[in-house]
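The values are calculated or read from the model by the stated rules, or taken from the named source; none is laboratory data. As the structure is a computational prediction, the values presented were derived from the model and not from experiment. Neighbour counts are summed over all protein chains in view; Cβ atoms, including those assigned to glycine, are modelled from backbone coordinates with ideal geometry. To get the accessible areas, we keep the full protein, side chains included, count just its heavy atoms, and leave off ligands, DNA and RNA. Shrake-Rupley method; radii C 1.70, N 1.55, O 1.52, S 1.80 Å.
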Amino acid sequence: MDIVDMYEAALLAGGPRRVAEVAVLGLRDRGAVTVTGPRVRAGREPADGAHPVERAVLRRCPRGKALSAVLAAVAAGPEVAGVRRALVEAGLLGRRRPTAAGRRALAAARADGQWPAYVFEGWPVPPKRRRSTRHSPLDTSMIGRALDRIGRTLDRGMDRAERADRAEHGDHPGHSCGGSGGGGGD
């Protein structure tokens, strides 16, 4: 028995969550949903018709929703259960894993190259962002500049305090403002 669609291949390759991921990625590739960071938002229904799993994705995120919540809801939904049931009835899926026939059908589908790699391998890992070298943690010149600014700010504060002290107590360097003058006598 051959695998009929990419959702069956996804279920054999990675389970219910993979089916939901493939639906989101397929809709994204066709412009029916947008995935921005951790959120997914439905746009328009695809013109070529939608698989029941894709319709489930579109129903769950009309105004935008957390991607993880959409994936979990679709993976646990009746649409994915229907895909699973079809594979069990065809003898390609056992209780938890693909049967020998299911593994052969999956290998043939992968070799055929008809579907995108994410059907077999899962959600593609985004490329790592390169860190900016402008603000490297080892850039001591930035620390020096920051310390200079802090020092100047503190100096200005001290200058203001000295001026305020002189205004209050008079401009007599070296004299204190308290105590009595000297010894005393009997």
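For T99, what residues show an amide H to amide H distance below 5 Å, using hydrogens built from the backbone and excluding near sequence neighbours?
The list, which skips near neighbours in sequence, is L93, G94.
For the range 56-69, what does the Karplus curve 6.51 cos²θ - 1.76 cosθ + 1.60, with θ = phi - 60°, yield as ³J(HN,Hα) per residue in whole Hz, taken in order and with x for Gly and Pro?
5, 4, 4, 5, 8, 9, x, 10, x, 7, 4, 4, 4, 5
Over the Cα atoms, compute the radius of gyration (one decimal) and Dmax (the largest Cα-Cα distance, rounded to a whole number) for the range 22-115, in Å.
So, for the range 22-115, Rg and Dmax equal 15.0, 42 Å respectively.
With a 1.4 Å probe and all protein chains left in place, how much of the accessible area of the range 1-50 comes from carbon and sulfur atoms, in whole percent?
C and S atoms contribute 49 percent here.
Please list, ordered by chain and number, the residues whose modelled amide H lies under 5 Å from the amide H of R39; skip anything fewer than 5 residues away on the same chain.
Close amide H contacts, sequence-distant or interchain: L67.
Could you work out how far apart the two model spin labels at D112 and D159 are, taking each label as a point 7 Å from the Cα in the direction of the beta carbon, and quote it in nm?
With each label point 7 Å from Cα toward Cβ, the separation is 8.0 nm.
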